[in-house]
Amino acid sequence: MNLNRRTLLASGATAATLATLGLPVRAQEGPLKVGFIYVGPVGDGGWTFQHDQARQEAQAQFGDAIETIYQESVPEGADAERAITQMILGGAKLIFTTSFGYMDATVNVAAKFPDVKFEHATGYKTAPNLATYDARFYEGRAVCGTIAGRMTKTNKIGYIGSYPIPENIQGINSAFIHARKVNPDVEMVVIWAYTWFDPAKEADAAKAMIEQGVDVILQHTDSTAPQAAAQAAGNVYTFGQASDMAAFKPTPRISSIIDHWSPYYIQRIQAVLDGTWQSQSFWGGIKDGVVQIGEITEAVPAEVKAEAEALRDKMAAGEYHPFTGPLNKQDGSPWLAEGQTPTDEELHGMNFYVEGLTGEIPS
Amino acid sequence: MDPILLLASLMVASTPILLASLGELVVERSGVLNLGVEGMMITGAITGFAAGVATNSALLGFVGAAAGGAALSLLFAVLVLWLRSNQVATGLALTLFGLGVAALVGQSYNGIRAPAMPDFRIPLLADIPVLGPILFRHDLVVYLGLALVAGVWWFLNRSRAGLTLRAVGENHDAAHALGYKVLRLRLLAILFGGACAGLGGAYLSLVRVPQWTEGVTAGAGWIALAIVVFASWRPLRLLLGAWLFGGISYLQLNLQAADVRLGFSLFGSRWELPADLQTLLFASAPYLVTILVLVLISSGKGRAALAAPGSLGQPFHASR
């Protein structure tokens, strides 16, 4: 294009006129650019894999109307701010940041770019252009805890936590409550890995548990390494986490919690295309289809399978809340009275174990 | 918590970083800084896994891993030695390239089971109480790692070729003037470093995890680089460093699993570390110790002992 002073002046004048008239100026022509920030690699076989599957489904659904971009293995913390900003400078108008640790980075960048829409997974801070979305993983944990309590022979089940944040603590409490319900002798060993994704460390954590006599392992980290460690040990059962982890069927993986994000992504992208997007806090569970229970394999006796599926169906029908009183806190003080259930705010800030769990939560 | 079992696991946990850092030590003693250890490790992890699956033999897998790591390091060698590119930038690029290549090659290996790596009990020695289970009931690669440490120590300190390699690393112009083939020696050192890093990566994907997962090394290559500095470029200190770095994180997980808290009893009252402090302390201990060691050996009398190779990181051209 031949740029000279006259055309520059003319285009400047046009823009100024449009601005004063208050007409919407389209910043970009063409497809809506949607960015995704991932905490692990897309091939982790768990959390990030599942988000990326949903991204691909959204891309297929909208075709040429949108263009999706992603960056994987973005560290939580200050560097995330740079990655998000870079995506915006690259033209992204809607950004999904898919890990708890991106919360402050997302809040900071959202304040700087009021025209860009942000969606942060599993956090609790919102802004006019920043929504949050989360899944009630603890509902899935209730089902896994029931199976774990029935399947353990040593009466020791293990939970590999990532970071001591409410999401993990909800999972630990929910799994433990339901394991105890079907097996009063069960005990739970918790290891905090202080990472979402480090296969060697996750495998080591699983091995350390197995050495302690644990024979059913639940994980809250993203890789399939604990599954492989359990497979190598033999006689140890696991649950798929975030993704089905079907490669480890029928044992060690005897069931799974699957995160199903694509309906949410498609709905929110549609809202931006329609211009109806608004900030909100979405927290979906089994009922909403965001949390799904993967196939319970033949390694589980039929009556246990039926019991677990009945629990799942009760939650899907909205008839049962995993945290239903009477429940006490770890120190024995009462938490929930008979029939009482906690509010979502209370769950979002959960920082205590329930009665019967040993050990303490690192602060 | 069984201390014998724990020490045995510690040997296994430290093997990947031991192998990778040992290779890097030889590379750096020849005067080349290769920051691409992470990339070479993960390339070795996938080529080793692929070779292992194809041949259904973990041992042949390790051969493939060494070849894969060395092949990637050859690229680095050509760029750095003959095209005289910046070593730091090239090394970082090698890491990114290795991570990408491994992710690409690994696409079809998700969820595949690794061939089993049998433990090899050394006859007689394995039956010694205490020492037997700790030292002599492992797989062959653990022994290979220890043998390589001894071999590298002997090579650097007792052999003529090792002396030449050190001379090239200390002052490449002088070594060149004496008629030594600087580039050829450095090429061999870089290939050795690549092969070792590949073995270390494959130990993760074939034995320790054991499966292929994208990003399986998760920063182990960077720790290997830190250990070389911690060891002040000496093989025996390197062994200590690898046990320290690899062992502490494993110990930390075990203390959590057993719900054991470190502490002491004084006048009948017991004092214990809080759970979160203990975990953080263990997680940061290797780095704190590295800083401490660097301060100690670079001050006063021990100063000469730090001694990074004189030509480390500098490009060499015969015309100068």
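Taking the Cα centre of the stretch B:3-306 as origin and charging only Cβ (+1 Lys, Arg; -1 Asp, Glu), how large is the dipole, in debye to the nearest 20?
In debye, rounded to 20, the stretch B:3-306 gives about 820.
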| Which distance in nm do the two modelled labels at B:ASP119 and A:ALA299 give, with both placed 7 Å along the Cα-to-Cβ direction? | 2.2
| message | In whole Hz and in residue order, list the ³J(HN,Hα) couplings for the stretch A:49-59 that follow from phi through the Karplus curve 6.51 cos²θ - 1.76 cosθ + 1.60, θ = phi - 60°; x for Gly and Pro. | response | 3, 5, 5, 6, 4, 5, 4, 5, 5, 5, 4
| Any idea how far the Cα center of the stretch B:99-162 sits from the one of the stretch B:1-64, in Å? | 8
| Candidates A:GLU57, A:GLU307, A:GLU345, ranked by Gaussian network fluctuation over chain A, Cα under 10 Å, top entry | A:GLU345
| field | Shielding by partners - mean other protein chain Cβ count within 10 Å, residues of B:122-133 | value | 0
| note | Within 10 Å of the Cβ of an average residue in A:189-197, the count of other chain Cβ atoms is 4
| note | Per-residue average of other protein chain Cβ atoms inside 10 Å, peptide B:107-120 -> 2
| message | Given points 7 Å out from each Cα along the Cα-Cβ axis, report the B:ALA174 to A:ARG82 separation in nanometres with one decimal. | response | 3.9
| query | What is the set of long-range amide H partners of A:ILE69 at a cut-off below 5 Å, with H atoms built 1.01 Å from backbone N? | reply | A:VAL34, A:GLY35, A:PHE36
| Longest DSSP-loop-exposure-free segment, trypsin sites (Lys or Arg not before Pro), chain A, at most 15 other Cβ within 10 Å | A:154-286
| task | In Å and from the alpha-carbon atoms only, list the Rg and Dmax of the protein assembly as shown. | result | 27.7, 92
| remark: Taking every C-alpha to C-alpha distance in chain A and binning by 20 Å from 0, the per-bin percentages run 28, 52, 15, 5, 0
| request: Could you go through the stretch B:201-210 in sequence order and give the Karplus-derived ³J(HN,Hα) for each residue, using 6.51 cos²θ - 1.76 cosθ + 1.60 with θ = phi - 60°, rounded to whole Hz, and x for Gly and Pro? | output: x, 5, 5, 5, 7, 9, 10, 7, 7, x
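How big is the Rg/Rh ratio for the stretch A:140-211, C-alpha atoms only, Rh by Kirkwood, two decimals? Kindly include the intermediate steps, with their values, before the conclusion.
Details: Rg = 12.1 Å, Rh = 12.4 Å.
Rg/Rh: 0.97.
For chain A, what is the accessible area per residue in Å² when the probe is 1.4 Å?
Values: 14780 Å² over 363 residues.
About 41 Å² of surface per residue is accessible.
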| Long-range amide H partners of A:PHE282 with built H, under 5 Å | A:THR132, A:TYR133, A:ASP134
| remark: Between the alpha carbon centres of the stretch A:54-124 and the stretch A:237-255 the gap in Å comes to 30
| task | At a 1.4 Å probe radius, which order do A:LEU357, B:LEU146 fall into by accessible area, largest first? | result | B:LEU146, A:LEU357
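Using a 1.4 angstrom probe, figure out how much accessible area the stretch B:3-306 has per residue, in square angstrom, rounded to the nearest whole.
43
Given a 1.4 Å probe and every protein chain left where it sits, what share in percent of the accessible area of the protein assembly as shown is carbon and sulfur? Mind showing how you got there, number by number?
Numbers: 17360 of 28720 Å².
Result for the protein assembly as shown: 60 percent of the exposed heavy-atom area is carbon or sulfur.
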| said: Tell me the total accessible area that B and A bury against each other, 1.4 angstrom probe, in square angstrom rounded to 100. | reply: 2600
| request: Report, by chain and number, residues whose modeled amide H sits under 5 Å from the one on A:TRP192, excluding near sequence neighbours (fewer than 5 apart, same chain). | output: A:GLY161
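The values are calculated or read from the model by the stated rules, or taken from the named source; none is laboratory data. Only a predicted model underlies this, so the values are computations on that prediction, with no experimental measurement involved. Don't worry about glycine lacking a Cβ; one is built from the backbone with ideal geometry, like all the others, and counts go over all protein chains shown. The area values use the complete protein model at the heavy-atom level, side chains included, leaving out ligands, DNA and RNA. Shrake-Rupley method; radii C 1.70, N 1.55, O 1.52, S 1.80 Å.
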